[in-house]
Amino acid sequence: MSVPTPSEHHLTLNRLATIARLVAGAAHEVNNALQVIGGSAELLQNRTDLPEPVQKTLSRIRDQAARAASAMTGVVALSRAQSDSGTQLVDVCGVATRAVELRRYAIGRADLTVQLDVPSMPQLVTGHQLHLLQAALNMIQNAEQALAPRRSGRISVAVVEDGDFVSLRVSDDGPGVAPADAERIFQPFVTSMPRPESTGLGLAVAREIAVAHRGSLDLERVPNGASFRLRIPKAPEGPRSKV
């Protein structure tokens, strides 16, 4: 995957900012419609005089409305993050630590374990701290969803100095990714998870954020499970932002 030039980097941010404004204008109306659809289906399900096939159809309507609402939430989260074009020095170790803290409760409730491994020295990049935090959260949640069917397993989150880059790696010991899906899983709305909250936006958004930071997000070849590596060019040391 090629690294964008500085001019391409700014063009990407401008493009995403334009998309953000368009999405923000439509999100409210779409979410209102989804709430009406889901709420109406739920009210109808409370009736006792409806045949079983109708009940099953209503259940599917509720599930799909919830999935669509979740997808819209992901898009809006990205659009809000992209609305600020300013960059600053960000410690990727702090990003990883904060992301694990935010997901630790959900990970524990799912009977999963998480291991965090970050160096003692700050690993600084130039970018948007909230964008990078969103990417890290998406990567961790992707691992959670891969392990969800069996409600056991381990997630590993690590930050390493990687030549001229800083790498954030999120791995799990789940079923892994089929070779045929190695690139497809980064496409928007593509998911192999049969769960309403699995919208197929998490990895797509994380990769878009990586590219906007002149970096990359790739699936690594590992013997077991899955491992995703986010690489961002290193920045000169300076006052770091807190996450």
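The values are calculated or read from the model by the stated rules, or taken from the named source; none is laboratory data. Treat the numbers as computed from the prediction; the structure is a model and nothing was measured. Glycine gets a Cβ as well: all are built from the backbone with ideal geometry, and neighbour counts include every protein chain shown.
Note on segment 154-170: among residues that are surrounded by fewer than 22 Cβ atoms within 10 Å (Cβ to Cβ) and not acidic (Asp, Glu), the one that is nearest to Arg229 (Cα to Cα) is Arg169. Of the candidates Ala99, Ala148, Ala180, the single residue that is within 30 Å of Lys234 (Cβ to Cβ) and modelled with pLDDT under 95 is Ala99. Screening Leu89 on (1) surrounded by fewer than 13 Cβ atoms within 10 Å (Cβ to Cβ); (2) at pLDDT 90 or above; (3) not in a helix (DSSP H, G or I) shows it passes everything except condition (1).
Here Ile185 passes the criteria (1) in contact (Cβ under 8 Å) with a residue 12 or more places away in the chain; (2) farther than 22 Å from Val205 by Cβ except the one numbered (2). Applying the condition of being hydrophobic (A, V, I, L, M, F, W, C) and closer than 17 Å to Arg231 by Cβ to segment 109-137 and asking which residue is surrounded by the most Cβ atoms within 10 Å (Cβ to Cβ) yields Ala135.
Within segment 127-156, the set of residues being farther than 11 Å from Val95 by Cα and in contact with a strand residue (DSSP E or B) (Cβ under 8 Å, 6 or more places away or on another chain) comprises Gly127, Met139, Ile140, Asn142, Ala143, Glu144, Ala146, Leu147, Gly153, Arg154, Ile155, Ser156.
Only one entry in Ser171, Ser167, Ser156 is over 15 Å from the mean Cα position of the chain (by Cα) and within 14 Å of Gln115 (Cα to Cα), namely Ser156.
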